[in-house]
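The values are calculated or read from the model by the stated rules, or taken from the named source; none is laboratory data. Computed from a prediction, not measured in an experiment: that's the story for all the values here. Glycine also receives a Cβ, built like all others from the backbone with ideal geometry; neighbour counts cover every protein chain displayed. Each accessible area value is taken on the protein alone, full model and side chains, heavy atoms only, with ligands, DNA and RNA left out. Shrake-Rupley method; radii C 1.70, N 1.55, O 1.52, S 1.80 Å.
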Amino acid sequence: MAFSVLPIIDLQTGQVQLKVQGRWYTRYISDPAQLERLITRSAHRPVFDLETGELIILVASAGLPAGKPVAFRLAKFPASLALAKVRG
């Protein structure tokens with residue numbers, strides 16, 4: 001199911017935060033600058049599909065009043081695990 005979102009993008013780490021139905025999701029993207037550029041040119045709010053992990057942006061384009069869809073696959077990384085245990 002897809003939901004209209006307004007993503008928060010960290011250009012340094014590639015982290016993307018999205019609020020869907022009152023719950024925050026954190027995902028990652030390899031080219032955050034491109035995502036930011038296309039969002040600024042979007043014809044509508046981006047849509048995030050929870051099942052596929054895709055963020056779909058409708059970019060304004062000549063001859064396409066609704067916008068041209070561009071999909072970004074956002075990665076879901078597992079929580080970091082401790083690599084060592086400290087004994088005391």
Worksheet item: In the range 3-20, which residues have a backbone nitrogen under 19 Å from the label point lying 7 Å from residue 50's Cα in the Cα-to-Cβ direction?
Response: 3-8, 16-20
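Please compute the volume of the convex hull spanned by the alpha-carbon atoms of the chain and report it per residue in Å³.
118
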Response to the item:
To the nearest 0.05, the calculated FRET efficiency linking residue 77 and residue 40 through their beta-carbon distance, R0 being 35 Å, is 0.85
Discussion item. Using the basic label-point model (7 angstrom from Cα toward the beta carbon), what is the residue 61 to residue 87 distance in nanometres?
Written reply: 6.1
Discussion item. To the nearest 20 Debye, how big is the dipole of the chain about its Cα centre, given +1 on the beta carbon of each Lys and Arg and -1 on that of each Asp and Glu?
Written reply: 260
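In whole percent, and with a 1.4 Å probe on the protein chains, what portion of the accessible area of the chain is carbon and sulfur?
Answer for the chain: carbon and sulfur cover 55 percent of the accessible area.
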Worksheet item: When only the heavy atoms of the protein chains count and the probe is 1.4 Å, how do 76, 68 rank by accessible area, highest first?
Response: 76, 68
Worksheet item: Quick one: accessible area per residue over the chain, 1.4 Å probe, rounded to a whole number of Å²?
Response: 73
Worksheet entry | Rounded to whole Hz, the Karplus (6.51, -1.76, 1.60) HN-Hα couplings of the range 22-27, x for glycine and proline | x, 10, 8, 10, 10, 9
